[in-house]
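A short worksheet on the structure shown next.
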Amino acid sequence: MARIVVAVLLAGVSLVGCEAHSPSRAHEAIDDASISAAVQAKLTADRSSNFALVSVDSDRGVVHLTGVVTSVEQRKRAEELSRQLRVTHVDNSLRIQHSTTTRRLGE
């Protein structure tokens, strides 16, 4: 009988522990979604660059930029715009891919 009581108590403690972390993680997920949306909106609103091929993701305040831009300046600009928001860090994994027309004009 004592084993059953101990097992029930341990199960109850485990469930309470899970519930304590769920609201916190849910709040972080909402914050991450709003950060990602805000960064994406900021990139989209920037008239001087075309960030159509840039994807934004956020995890615990760290913004991850992936995709393709056409210059080093655009890569830097995307990171600068991201840092203007409340982020802890920007992981800039943007690749630079020169367009075909740029190559032809430069040849």
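Every residue, every condition in (1) exposed (fewer than 13 other Cβ atoms within 10 Å of the Cβ); (2) over 12 Å from the mean Cα position of the chain (by Cα), yes or no:
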{"position": "Ser48", "(1), (2)": "yes, yes"}
{"position": "Phe51", "(1), (2)": "no, yes"}
{"position": "Asp57", "(1), (2)": "no, no"}
{"position": "Val63", "(1), (2)": "no, no"}
{"position": "Gly67", "(1), (2)": "no, yes"}
{"position": "Ser71", "(1), (2)": "no, yes"}
{"position": "Leu81", "(1), (2)": "no, yes"}
{"position": "Asn92", "(1), (2)": "no, no"}
{"position": "Ile96", "(1), (2)": "yes, yes"}
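Taking first residues from the stretch 38-59 that are part of a helix (DSSP H, G or I) and partners that are surrounded by fewer than 15 Cβ atoms within 10 Å (Cβ to Cβ), the Cβ contacts under 8 Å between residues at least 6 apart in sequence or on separate chains come to Lys42/Gln84. Selection within the stretch 60-103: residues that are outside any strand (DSSP E or B) and among the β-branched types (Val, Ile, Thr). The member of this set that is nearest to Lys42 (Cα to Cα) is Val87. Each residue in the stretch 77-107 was checked for being modelled with pLDDT of 95 or more and among the hydrophobic types (A, V, I, L, M, F, W, C), and 5 pass.
The values are calculated or read from the model by the stated rules, or taken from the named source; none is laboratory data. The structure presented is a predicted model; accordingly, all values stated were derived computationally and were not measured. Methodologically, a virtual Cβ is constructed for each residue, glycine included, from the backbone with ideal geometry; neighbour enumeration extends over all protein chains shown.
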